[in-house]
Amino acid sequence: MRKVVVTLLLPLLLVTGGCWDQREINDLAMVVATAADVVHEAGNEQVRLTLQIANPIALVPGQGGGGGGGGPGAPKAFWTVAGTGRTVRAASLSIVERIPKPIFFGQDRLTLVGERAARLGITPLLDRPLRNRETRRSMYLAIARGEAKRVLEVEMPTFRATGLAISNLFDLEGGRQAIMPVDFGEFAYNLSTGTTSPAAPVVEVVPQTSISAEDRKSLGAVPQAIKVSRVAVFSPGGKLVDFFDEKETLGLMWVLNKIKTREIIVPCPVEGPVEPVVMGLVRSKSRIIVHLEKNGLPSFEVKVRTTCDLWEHFGTHPGLLTPQYYESLERRVNTSIEREIMHTVRKAQSLHADVFGFGEEVKRQHYPEWKRMAQDWPEIFPVVKVTVKAETGFRHRGLSVEPVTARKEHR
Amino acid sequence: MEPGKISERQLAFLMLTVTISTVIFFMPQIAARAVEQDAWLTSVIATVWGLIVAVVIVALARRFPGQTFIEYLPSILGRPLGKLVGLLYAFWFLSVGAFIIREFGMFLNITIMPQTPVMVFVVTITALAFYAVRSGLETWARVNEILLPLILLGVLMVIFLPFEHMDLRRLLPVGVHPLGTMLVSSFTSASWRGEVLLAGMFIPALVSTCHTSRNLALVVIIIGVILAAVEMAVVAVFGGVDAGQLELPVFSLARMISLARIIDRLEAIIVIMWVLGNFIKVCAFLYCSVVATAQVLGFREFQFLLLPVTVLVIALADNVLEDVAEFTDFLSNVWAGYSLLSFEMIVPLLLYLLVLVRPAEKRGAA
Amino acid sequence: MRSRKGVLPIFFRKKSLNQRASTGPKQVPLPHDYKEISTSLKENEAYLRQEFANTTDIVFREFYMGETRCLAVWVDGLINSRVSHDLFRSLMLDVPPEVSRKIPSRDLADYLNRHFLPFYSTIRVEDMVELKRWVLMHKMILLVDGSPVGLVLDAETPPTRGMTEPVLESVVTGPRDSFLEPLRINTALIRSRLGDIRLKSENFIVGRRSNTLVTLMYVEDLANPEIVEEARQRLSRVDIDGLIDSSILKELIQDRRYSLFPLIKVSERPDKVVADLLEGRFAIVVDGSPQVLTAPTLFVEFLQTAEDYYMNPIVVWLVRLFRYLALFVATNLPGLYVAVTTFHQEMLPIPLVFTVAGARETVPFPAFIEALSILITFELLWEAGIRLPRIVGGAVNIVGALILGQAAVQAGLVSQAMVIVIAATAISNFALGSGYELASGIRLVRLINLVAGSVLGLYGIALGFLAFMVHLTALRSFGVPYMAPLAPLRLREMKDVIYRAPWWDMTRRPALIAGEDLTRSKTPPPAPPPERPPSQSRRK
């Protein structure tokens, strides 16, 4: 009996001693996205941290203000608040004074870094999220064109939090077109290699495209939207070097195996008017093979294998889908891929930024030679020879065969 | 001395849990910091040292059936020296037990409960271990039979579930680091493997001993395989350089797990694995230090020593190694010397050589 | 009578396996106090009347057989009146008058026993003390003047109710009879299913004052003799005034003073008891209790039902998985929920974390108090539901479901999430299989886990789990480790733990429990008949 009493009393003792780490879930200010900028304030450079904090009571239907959040009195679902400080942690501490609940980073899905901060060097901004127990390495990292704070302040019609919208976009649409999600882990890995240039997706604030010129006059303020489509390229030291445009991003994504699905537009191979044909990518896999040249420099061969479907034939004339043209379709897709990659390679070489991890590949495949050239890699990379070899397999053409007007000729 | 009997499988399970419950959490960082992507190779090399310990300890036990390691020390070394070495071993069990308990608390501090004082963890786990050890060797050996499958399941999940983030090419190039560095690192790795030395304290309690050496060798190999797999997973996810810079790579690994956005954020697995595994480990070291102390001092019973030794372990645990950085430093620099290269491998090896060289004297002493 | 003569001789409860009078089918160990039956009926009657003084429910029926005076004594209401009527009819009317003249009066009782007593069981007793006790054990006794012998006549009809379906262990398929209160019916139910000559039964009388008949049953070559001997020892150690129910005996003979988990299985199903006997366990039937004890017991048995053995094994495998899930949910969910929402908020996926946090926004209590209050409400509802008469039960349901659930949520006193969590826990609590005892035992586990989870989070839950594991594995049921075959792990006996092997594959009995004969089945696995060439005639 004594034993039983002791066992029952022990936890009670602990209760009275205080539960050190206990916090009620509704007493936390849950951050869903963070934006870090570096601003010039009070004579020196300061970190300005913008947090997007959820207000759960407005997110649960049937409770509190609820649902639409329409009325002016209704509590907002998310609150964007900013603070400045010498470091990231100091900045978040300055926010603590302004909100009623302790800040909790455990649900943070996205960190945005402002363009200026990225140009000054991103490394100091990364330390706190990587060290903190609450944030994760699987958190997405993105670079904002201009100030990161502005991105989080955009109000979206469907998602009430920009931060969640962007992380959702990465979750669901990452790998489509030029959307290349990068998480902290990958970015940190690339920085840790010392030779690879990390890249991170770029978020821009753009006007909602459906607004015509007249609307713009009547509306006064222009509704804004978020666009994610390109990448920012960093030096191996973690400083923003340049932005890739959409085409260069696509080229990069081939090599990094980041493409899940995308469209490739090629001209129709059948004689007659040049009409676009949209090929849909089903899967692709690329490989980098390193050859050592006689002069001791490496040369790279990028091999891409893809499988494509026909998604759209934007035209009128028949004949495209007779087997004799499959091969030419494949050839055209190959050329298109090769051209895209080569375009990106040239751009990267001009930026002296090894975004592809070519250096890493040399290390993996030819370690002794790599030790020799590791020091000089920034000089070697811009001059190495790169060849691309794409190999496409055509799979199917969807549910119909020829364009509607062309069908009768087949009878 | 030990009234309970355990089966050979229970012993093998016990050794597996004792070793695996901590090594997979600390070794990846130490190995990756030393040899980057070749971390898993050190685990393979370390298997050799582990095998030596396993074989030697069983061979010694064969020579002195029915006696624990501490009991036959005087027969080999002579009474005064044997008792002295026995005392050293008793202290070694005690101190390593204290390290483990301390490490246990600090781990929970960095991972899930930063505000809670380490002493809370130290006292609760030791109290529980006390309860288990008092319930008898049979009981906690059986508890382990339930826990080990759970722990192994957790390890497998941690190894395989972060596959989305894995890039196996990060393991290349293989074996490019100098052999010397790898050997040094393998000693650290094998220091955990060398904990099969504890089997020397359990062999007299076995029902039969026909497969003991095979089992222990298998244990060492299985741990080698699991550790290598964990290290490969860690390097494949974080890369060789980064893995060495993570305080707890396996914990970070579990945080990367995300399956279809439903099975997400599985640190829970790690915490559960850690607590379950360490509970058995603490039990084992507590038991060994109590039994060793009793045997060195020549008592027939050991139950009455349990409470004082438990209190002593808690007191020690409160005073060893203050912070995690110090701990990691201890593990990577001192641990190998304190365990494998002295108590775990070298001393038993010397003992065995002595037994081989001086069979006559041994008989006389015995 | 006991008040005057003091307690009955203490050796009533002392075990005695040497049956001095093993005449009838119902052996009862003899009392060691001894008083010879006198040849004078007057003397005997005086003794009995003195012993049974002030007891109005004892019937003394005096009658004459020819000229010989006879006396029958029984407890009113326990004897079948038709049978007793037969007795008087045969003795008073059918016995020819010359019998009492021809047969010396010393042998008269034996002569009557042989020729004129149409009872299916009679016992010849020479001891007055024993004879007296037979009266108390629902028998009718007959004394004949001049004979120093008493006859015990079995005309017992204990008051009982009709056969009903099992209440706690109901099934969809399988037998539907259940044990009743009278011991004899229960042993008959067992024997009728297990016609093995090696099914042995031993009688014990437990209870200084209640004189309750307890029967230990086991199959001789299946049960482990050491375990059976242990059971005998423990039964004979019991020294209590009255044994009202088998559950009392269970507490008196289990292996541990305190155990949260049942160490002896209680069943109301004869088929289950017979299955247990066939696995080498022993059964203890207590007179007056409709529940039969079987042991040694394993923990996993409480997650099994009788129906598991009658249903498709593939389905059973799935059902059992759900039961293990239910066990986990019933013990851990409230604690886990509180631990995660108050310590590890980062572990919830993002939509869930907002739902939980938003729902909790209006709740004035900490999560622990919230969980505890609903849990206690649930326990109270449970208790009320069992105790209340069926007519009032509906009202409790309405109050429980509507007022406590709906209104509390709407008032914002508790969050919907918490109500769902406790509801899931409650459902799981009753989806555990046959272990009602387990279901009531794990309530405490759940509470302790809740406290541990809200004090130390996941670490607390893990600690709680470990503590219960140590407790569980330290338990033994009649020497057999309680957690077998999980710990000690016996892979060969896992055929009936997580899944149930089909019957043709269950070839062996559990070795930790059963004795020498381990072969359960030699049935070849079912197979289609060998293919025959199609017959010529049919083709035409």
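The values are calculated or read from the model by the stated rules, or taken from the named source; none is laboratory data. Source: prediction; values computed, not measured. Heads up, the Cβs are rebuilt from the backbone with ideal geometry, glycines too, and the neighbour counts pull from every protein chain shown. For the accessible areas, the whole protein counts, side chains as well, though only heavy atoms, and no ligand, DNA or RNA atoms are used. Shrake-Rupley method; radii C 1.70, N 1.55, O 1.52, S 1.80 Å.
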When every residue in region B:244-266 that is out of contact with any Ser or Thr (no Cβ under 9 Å at 6 or more places or on another chain) and closer than 16 Å to B:Arg170 by Cβ is compared, the one nearest to the other protein chains (Cβ to nearest Cβ) is B:Ser252
In region C:340-353, which residues are surrounded by fewer than 24 Cβ atoms within 10 Å (Cβ to Cβ) and either facing chain A (nearest Cβ under 7 Å) or touching a Pro at 6+ places or on another chain (Cβ under 7 Å) (or both)? C:Thr342, C:Gln345, C:Glu346, C:Ile350
Just to confirm my filter: which helices (runs of 4 or more DSSP H) fall fully inside region B:291-347 and include at least 3 residues that are open to solvent by 20 Å² or more (accessible area, probe 1.4 Å)? B:303-319, B:324-329
Let me confirm something: among C:Pro525, C:Pro510, C:Pro533, which residue is surrounded by fewer than 14 Cβ atoms within 10 Å (Cβ to Cβ), modelled with pLDDT under 85 and part of a loop (DSSP other than H, G, I, E, B)? C:Pro533
Quick check: anything in region C:107-120 under 25 Å from C:Phe204 (Cα atoms), open to solvent by 30 Å² or more (accessible area, probe 1.4 Å), part of a loop (DSSP other than H, G, I, E, B) and of a type in the set (Phe, Trp, Tyr)? yes
Those residues that are facing chain A (nearest Cβ under 9 Å) and buried (at least 20 other Cβ atoms within 10 Å of the Cβ), I need them from region B:102-119; list them, please. B:Thr111, B:Ile112, B:Met113, B:Thr116
Result of the Cβ filter at 7 Å on region A:256-277, keeping first residues that are free of Cβ contacts under 8 Å to residues at least 60 places away in the same chain and partners that are hydroxyl-bearing (Ser, Thr, Tyr) and surrounded by fewer than 19 Cβ atoms within 10 Å (Cβ to Cβ), at least 6 apart or interchain, is A:Val270/A:Tyr325
Every residue in region C:213-231 that is open to solvent by less than 40 Å² (accessible area, probe 1.4 Å) and either of a type in the set (Gly, Ala, Ser) or in a helix (DSSP H, G or I) (or both), please. C:Ala223, C:Ile227, C:Val228, C:Ala231
Of the residues in region A:298-321, those that are open to solvent by 50 Å² or more (accessible area, probe 1.4 Å) and of a type in the set (A, V, I, L, M, F, W, C) number 2
Residue pairs, Cβ under 9 Å, 6 or more apart or interchain, first in region B:220-240 and more than 11 Å from chain A (Cβ to nearest Cβ), second among the charged types (D, E, K, R) and crowded, with 24+ Cβ neighbours inside 10 Å. List them. B:Val220/B:Arg193; B:Ile223/B:Arg193; B:Gly224/B:Arg193; B:Leu227/B:Arg193
May I ask you to verify whether B:Ile151 is of a type in the set (Val, Ile, Thr) and either over 18 Å from B:Met201 (Cβ atoms) or within 8 Å of another protein chain (Cβ to nearest Cβ) (or both)? yes
In region B:120-166, what count of residues is obtained for those that are touching a Gly at 6+ places or on another chain (Cβ under 7 Å) and open to solvent by 50 Å² or more (accessible area, probe 1.4 Å)? 1
Residue under question is C:Val316, and the condition is that it be in contact with an Asp or Glu (Cβ under 9 Å, 6 or more places away or on another chain), of a type in the set (Val, Ile, Thr) and open to solvent by less than 30 Å² (accessible area, probe 1.4 Å); does it hold? yes
Within region B:10-19, is there a residue that is more than 15 Å from the chain's Cα centre (by Cα) and within 14 Å of another protein chain (Cβ to nearest Cβ)? yes
For region B:217-269, which positions are of a type in the set (D, E, K, R) and closer than 18 Å to B:Thr19 by Cβ? B:Glu231
Hey, among A:Arg86, A:Arg128, A:Arg137, A:Arg109, which residue is in contact with an Asp or Glu (Cβ under 8 Å, 6 or more places away or on another chain) and basic (Lys, Arg)? A:Arg137
I'm trying to understand the selection: among the residues of region A:322-344, which are of a type in the set (A, V, I, L, M, F, W, C), open to solvent by less than 40 Å² (accessible area, probe 1.4 Å) and over 16 Å from A:Ser284 (Cα atoms)? A:Leu329
Note down all Cβ pairs under 6 Å where the first residue falls in region B:276-289 and is within 14 Å of B:Val122 (Cβ to Cβ), the second is crowded, with 24+ Cβ neighbours inside 10 Å and of a type in the set (Phe, Trp, Tyr), and they're at least six residues apart or on different chains. B:Asn278/B:Phe104; B:Phe285/B:Phe93
Count of residues meeting criterion [facing chain B (nearest Cβ under 9 Å) and closer than 20 Å to B:Val120 by Cβ] in region C:463-476: 5
In the list C:Gly460, C:Gly479, which residue meets the criterion of being buried (at least 22 other Cβ atoms within 10 Å of the Cβ) and within 13 Å of chain B (Cβ to nearest Cβ)? C:Gly460
Which members of region C:330-339 meet the condition of being under 11 Å from C:Tyr459 (Cα atoms) and open to solvent by 10 Å² or more (accessible area, probe 1.4 Å)? C:Leu336
